[in-house]
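See below for the structure under consideration.
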Amino acid sequence: MATCPSPATTTATARLTSPSNGIWYILKSSTNYASYVTYQWGLSSDVPVAGDYDGDRQSDLVVYRPSNGVWYILKSSTNYATYVTYQWGTSTDLPIRTYP
Ligand SMILES: [Ca+2]
């Protein structure tokens with residue numbers, strides 16, 4: 001399992017993602033880091049790029065898919081129930097992680 005640093009690591013939650021199966025593991029600060037949740041989000045070839053894309057000050061689950069240049073954003077503001085996509089990039093582009 002590879003780590004995926006995100007802004008949430010130092011604020012509300014700790015997150016890991018497993019590139020082999022696209023599962024995100026989120027250690028919840030609301031339980032004093034005693035429990036975690038998992039989400040299936042992304043493919044093994046995707047690049048995880050967690051960040052707050054919907055402006056609610058919580059990290060969203062985001063992957064960039066180099067094969068089609070599409071960003072897949074699973075929104076924290078919907079309790080990770082809905083997502084949006086944006087085509088922004090090409091197969092040779094690399095996403096840049098940003099930190100608040
Ligand atoms: Ca968010």
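What follows is calculated from the coordinates using simple rules that are stated; it is not laboratory data. From a predicted model like this one, the values you see are computed outputs, not experimental measurements. When we count neighbours, we look across all protein chains shown, and the Cβ atoms used for this are built from the backbone with ideal geometry, even at glycine.
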Taking a crude spin-label model, label points 7 Å out from Cα along the C-beta direction, the residue 36 to residue 23 distance in nm is 1.0
Give the Cα extents of the range 44-100 along the principal axes, in whole Å, largest first. 30, 23, 19
Out of all Cα-Cα pairs in the range 7-87, roughly what percent, to the nearest whole number, are more than 16 Å apart? 49
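Charges only on Cβ, +1 for Lys and Arg, -1 for Asp and Glu: so what's the dipole of the range 33-100 about the Cα centre, in debye to the nearest 20? Please list the in-between numbers first.
On the way: 4 positive and 6 negative charges, 12 e Å.
Approximately 60 debye in magnitude.
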The answer for residue 51, listing residues at least 5 apart or on another chain whose modeled amide H is closer than 5 Å to its amide H, is 60, 62
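Please sort 72-84, 29-41, 54-66 by packing, taking for each peptide the average over its residues of neighbouring beta carbons within 10 angstrom, highest first. Provide the component values of the computation, followed by the final result.
On the way: 72-84: 15.7, 29-41: 11.5, 54-66: 18.9.
In descending order of packing, they fall as 54-66, 72-84, 29-41.
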At 7 Å along the Cα-to-beta-carbon direction for both residue 82 and residue 57, put a label point, then send me their distance in nm to one decimal. 2.3
